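The values are calculated or read from the model by the stated rules, or taken from the named source; none is laboratory data. Being a predicted model, the structure only gives us computed values, none of them experimental. Note that each Cβ is placed from the backbone with ideal geometry, even for glycine, and that neighbours are counted across all protein chains shown.
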Amino acid sequence: MKKGKFFITTPIYYVNDVPHIGHAYTTIIADILARWHRLAGKKTFFLTGLDENSVNTIRGARKAGMADIKQYTDMMAERWISTWKALGIEYDDFIRTTEERHKKAVRDFFRKVYAKGDIYKGKYSGLYCDACEAFLSEGDLIDGKCPFHRTEPKRIEEENYFFRLSKYADKVLEHIEKNPDFIQPASRRNEVISFIKSGVKDISISRPRTDWGIELPIDSGHVIWVWFDALINYISARPDNWPAEIHLIGKDILRFHTVIWGGMLMAAGYELPKAVFAHGFFTVNGQKMSKTLGNVIDPVEISRKYGTDAIRYYLSREIPFGEDGDFSEDVLKRRINGELLSDLGNLVNRVITIAVKFEGKIEGKAELEKYLDFKRIEGHMGKLEIHHALDAIWDFIRQCNRYVNEKQPWKLEGKELSNTLYNLLESLRIISILIYPFMPNTAERICGQLDVKLGTFGDIRFRKFGGKPKKGELLFRYV
């Protein structure tokens, strides 16, 4: 990979939500990509955060019996922050839309668009989904209900401020058609193109004054509609390094991040992000996640049970990124007992056990290097084919296991044993680098047993082995 910068974002999550495995999936993938690009030597910035200026936040505070809404959001924010810490997420910034830096950025953004004549006052009459906090058309509905929340939207009529999104629809379409990688995967791109061609209307971007939200700079009787406010977080948190290389989002908010956000950026004079990648939805054992069914998975609880790295590995290996996926605890166990324990864990344990007993100098000729196809791995990561990248890494791990079985180092001594250990220890050092973005704790533990520092992509080559192996705890145990 060429050096440079890499700016990646997750959606900002609703503060009144409780973090579940779907939120964790998006954030873990972003963390994996951020770590990957840091290893490549890129100046990397990973942004996540919370959407707090919402009517649903007011409802959440009332439900919790808290009169002070800010106190409620502070309490909920701590839960989100502690969840990401438990899952090994290393973000560079955590933006909250109640922060002054965000409010200032929103007001400045609004003024830029208003100065161009692209905001006007009008009357909105139509459908509104409270759960989405979004305006819907009749064509969006399925059986008269919101397609995502399966609830009937309410019909509202009120005086609002509007953004001339229709003015920018053709320009956004032209950008999408000229930049085929702007919306990924391709199936999502086609959906957005079809939506624009069906006709784009101006959108309401304010709501009548409530006790919560960012006041319109031109009218104290209105607050800015949460989606117009929330999308600006990507700039308010990183104004000097816009645009982002990748927005990672769920497919339900694709239109907001391409059509609306695209039009907003054009109106305010900003570049569009390089790519918007929309992944699919989660089911649990084939069923939609639901509080009613009791199958909503707490990512912290499941990681305590099986280990954070095992959860990170499972989510990135099991589900092709961009497609819908199913979470199955039985499949998770098979992944742990098979690839993590039998392939990786046993390889490390067997090699280190023999290496600590060897008293000679570890040196030899690189025999396993020819099986390492880093370009293949790198190519998959560049295309966000994360599960294929792990396939390629595991091909090398399995080749190392075959090498152990063929050489039978427990029967060797002298130069033959030295050469065999050299190949295996250097392979483990390189494996620790390759798996670090996916399983950082496991990578560090392997380095600890090898007595080497974790390397970067520049260190993925066979060289002189400089560590003094030492026995450690098993990386994984049977579940």
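Of all the listed residues (ALA186, ALA230, ALA237), the sole one being without any contact (Cβ under 8 Å) to a residue 12 or more places away in the chain and among the hydrophobic types (A, V, I, L, M, F, W, C) is ALA186.
On the basis of being at pLDDT below 95 and closer than 26 Å to ASN441 by Cβ, does GLY345 make the cut? Spelling it out, it is not the case that GLY345 is at pLDDT below 95 and closer than 26 Å to ASN441 by Cβ.
The rows are residues; the columns are (1) more than 27 Å from the chain's Cα centre (by Cα); (2) crowded, with 18+ Cβ neighbours inside 10 Å.
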| residue | (1), (2) |
| --- | --- |
| GLY379 | no, no |
| LYS383 | no, no |
| ALA392 | no, yes |
| TYR403 | yes, yes |
| LYS411 | yes, no |
| TYR422 | yes, yes |
| PRO437 | no, yes |
| ARG445 | no, yes |
| ASP451 | yes, no |
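Annotation note: Cβ proximity below 6 Å between a residue of the range 3-18 that is more than 16 Å from ARG79 (Cβ to Cβ) and a residue that is among the polar types (S, T, N, Q) (sequence gap 6+ or interchain) occurs for PHE6/THR44; PHE7/ASN241; THR10/THR26; THR10/THR27; THR10/THR48. Restrict the check to the range 355-366 and report whether at least one residue is closer than 30 Å to PHE282 by Cβ and in a loop (DSSP other than H, G, I, E, B). No, the range 355-366 contains no residue that is closer than 30 Å to PHE282 by Cβ and in a loop (DSSP other than H, G, I, E, B). Determine whether the range 28-49 contains at least one residue that is charged (D, E, K, R) and within 12 Å of the chain's Cα centre (by Cα). Yes, the range 28-49 contains at least one residue that is charged (D, E, K, R) and within 12 Å of the chain's Cα centre (by Cα). Out of ALA275, ALA310, one residue alone is of a type outside the set (Asp, Glu), modelled with pLDDT of 95 or more and surrounded by fewer than 20 Cβ atoms within 10 Å (Cβ to Cβ). It is ALA275. Among residues of the range 42-61 being out of contact with any helix residue (DSSP H, G or I) (no Cβ under 7 Å at 6 or more places or on another chain) and farther than 27 Å from GLU301 by Cα, the one that is surrounded by the most Cβ atoms within 10 Å (Cβ to Cβ) is LYS42.
Among the candidates TYR120, TYR128, the residue that is within 16 Å of TRP225 (Cβ to Cβ), assigned to a strand (DSSP E or B) and at pLDDT 95 or above is uniquely TYR120. All told, TYR124 meets the bar of being buried (at least 18 other Cβ atoms within 10 Å of the Cβ), of a type outside the set (Gly, Ala, Ser) and over 26 Å from the mean Cα position of the chain (by Cα). If you go through the range 1-17 and keep only what is surrounded by fewer than 24 Cβ atoms within 10 Å (Cβ to Cβ), under 17 Å from the mean Cα position of the chain (by Cα) and aliphatic (A, V, I, L, M), you end up with just ILE12. Would you be able to say whether some residue in the range 21-35 is of a type in the set (Val, Ile, Thr), in a strand (DSSP E or B) and either buried (at least 22 other Cβ atoms within 10 Å of the Cβ) or modelled with pLDDT under 95 (or both)? No - not one qualifying residue is present in the range 21-35.
Every residue, every condition in (1) without any contact (Cβ under 8 Å) to a residue 60 or more places away in the chain; (2) assigned to a loop (DSSP other than H, G, I, E, B); (3) in contact with a strand residue (DSSP E or B) (Cβ under 9 Å, 6 or more places away or on another chain); (4) not hydroxyl-bearing (Ser, Thr, Tyr), yes or no:
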| position | (1), (2), (3), (4) |
| --- | --- |
| LEU47 | no, no, yes, yes |
| ILE58 | no, no, no, yes |
| TRP80 | no, no, yes, yes |
| PHE94 | yes, no, yes, yes |
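State yes or no: is ARG35 in contact (Cβ under 8 Å) with a residue 24 or more places away in the chain, among the basic types (Lys, Arg) and farther than 19 Å from PRO440 by Cα? Considered against the rule, which asks whether it is in contact (Cβ under 8 Å) with a residue 24 or more places away in the chain, among the basic types (Lys, Arg) and farther than 19 Å from PRO440 by Cα, ARG35 comes out as no. The one condition from (1) more than 30 Å from ILE32 (Cα to Cα); (2) in contact with a Lys or Arg (Cβ under 9 Å, 6 or more places away or on another chain); (3) touching a residue at least 24 places away in the same chain (Cβ under 8 Å) that GLY262 does not meet is (1).
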